[in-house]
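The values are calculated or read from the model by the stated rules, or taken from the named source; none is laboratory data. Since the structure is predicted, the reported quantities are computational estimates derived from the model, not experimental observations. Using ideal geometry, Cβ is built from the backbone for each residue, glycine included, and neighbour counts are taken over all protein chains shown. Surface areas here come from the heavy atoms of the whole protein model, side chains and all, with no ligands, DNA or RNA. Shrake-Rupley method; radii C 1.70, N 1.55, O 1.52, S 1.80 Å.
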Amino acid sequence: MTAWAIEHFDEVGSTQDVARERLVDGRVIVAAWQRAGRGRHGRPWSAPPGLALLFSAVMVPPEEVTPVLPLLAGIAVHDAIAATVGIAVDLKWPNDVLTDGAKVAGILVERPSGPFAILGVGINANLEAADLPGDAATSLLIRTGHHVDLDALLAAVLTQLDQWQERAVSAGTGAIVGAWRERTLMLGRPVEVVLPDRTVRGIAEDVTASGALLVRSPRGVEAFIAGDVRQVRQR
Ligand code: BTN
């Protein structure tokens, strides 16, 4: 079990940057508000003060776990939300957490120097509709009508991270890929992978042992390790 050491801040630039200044395994930086929160693909990530769970956890994953850490983190956040709030959630590759097709949590894995990984998690917990960046997002409050205890949710995510890391070590990373498959609705469905130079449209077929997304398009099956994936609604 990791000895998580949690530090709370009222305001930071990004919890990712504060964590980067404190590279110790198990350090967790929580902020009520971020002036410059960031998401994947260089996008901003913002939420009004005190309403979202915003944290960064410094981890030293076992070497064999590193490739699947983004998937593992998604599973941990998925299971923590399901256990704490009791709503149905699912995963969009690599680790967006959705409910009824709308995003409720985002995860950013950054690799600073050495063996460290910084896992940034933003969960739209107690946001009202007007607080959300757009209608592709939702919150736990909107879905349940109840406010969520942010400390309890944080504790649940950290517990799940420990459990899934232990499982990855004991059962192998194939168990992580298997657990991810069980928590997604996107496999077998149409997707668009938006890359800097092109967009690939096809069917999301599977994830590989190293966490890449396999998409079958008219050009054949391609593996993606990065890219912005959109689920295409079926008529
Ligand atoms: C995404 O879906 O694009 C990832 C969003 C990650 C946001 C979290 S909030 C806490 C941590 N600090 C940041 O600046 N980003 C992550």
- Note on the structure: Within the set ALA76, ALA105, ALA36, GNM on the chain using Cα springs under 10 Å gives the largest fluctuation to ALA36
- So which DSSP H runs in the chain come out at 18 Å plus along the axis (Cα) with average Kyte-Doolittle of at least 1.0? 69-85
- Only Cα pairs under 8 Å and at least 6 apart count here; give the relative contact order of region 15-107 as a rounded whole percent. 22 percent
- Message: Just to confirm, what accessible area per residue do you get for the chain at 1.4 Å probe, in whole Å²?
- Response: 46 Å²
- Item | Distance between modelled label sites at ARG198 and SER170, nm, 7 Å Cα→Cβ extension | 4.5 nm
- Query: What nm value, rounded to one decimal, do you get for the distance between GLN163 and SER113 when each label is placed 7 Å out toward the C-beta?
  - Reply: 3.7 nm
- Item | Alpha-carbon centroid distance for the pair region 1-25 / region 32-102, whole angstrom | 15 Å
- Task: Provide the packing ranking of 53-61, 188-196, i.e. peptides ordered by the mean count of other C-beta atoms within 10 Å per residue, highest first.
- Result: 53-61, 188-196
- Rank HIS146, LEU161, THR173 by how far each Cα sits towards the positive end of the charge dipole of region 105-189 (+1 on Lys, Arg Cβ; -1 on Asp, Glu Cβ) and give me just the farthest. THR173
- Express the relative contact order of the chain as a whole percentage, based on alpha carbon pairs under 8 Å and six or more residues apart in sequence. 17 percent
- Query: Which value, in debye to the nearest 20, describes the size of the charge dipole of region 63-156 about its Cα centre when Lys and Arg Cβ atoms bear +1, Asp and Glu Cβ atoms bear -1, and nothing else is charged?
  - Reply: 100 debye
- Gain upon complete extension [VAL221, ALA36; 0.36 nm per residue less C-alpha separation]: 62.9 nm
- Item | Distance cut-off 20 Å, percentage of C-alpha pairs in region 88-170 lying past it | 41 percent
- Note on the structure: For the chain, the percent of accessible surface on carbon and sulfur atoms (probe 1.4 angstrom, ligands and nucleic acids excluded) is 51 percent
- What size of dipole, in debye to the nearest 20, comes out for the chain about its Cα centre when the only charges are +1 on Lys and Arg C-beta atoms and -1 on Asp and Glu C-beta atoms? 860 debye
- With every protein chain kept in the model, how would you rank THR138, THR66 by accessible area, 1.4 Å probe, largest at the top? THR66, THR138
- Which FRET efficiency value, to the nearest 0.05, is calculated for ARG183 and THR208 with the Förster distance at 22 angstrom and r the Cβ-Cβ distance? 0.85
- Query: Where the eigenvalues come from the Cα gyration tensor of the chain, what are the semi-axes √(5λ) of the equivalent ellipsoid, largest first, in whole Å?
  - Reply: 26, 22, 17
- Note on the structure: Heavy-atom accessible area of ARG198, protein chains in place, probe 1.4 angstrom, given in Å² to nearest 10, is 80 Å²
- Message: Quick check: with the 1.4 Å probe, what order do THR2, THR84 take by accessible area, largest first?
- Response: THR84, THR2
- Item | q = 0.16 Å⁻¹, region 1-126: log10 I(q)/I(0) [Debye, one scatterer per Cα] | -0.76
- Message: Going by Cα centres, region 195-235 and region 106-164 are how many Å apart?
- Response: 25 Å
- Let me know the whole percent of all Cα-Cα pairs from region 163-213 that are separated by more than 12 Å. 68 percent
- Message: Which one, ILE87, ALA73, LEU187, is farthest towards the positive end of the dipole of the chain when Lys and Arg carry +1 and Asp and Glu -1 on their Cβ?
- Response: LEU187
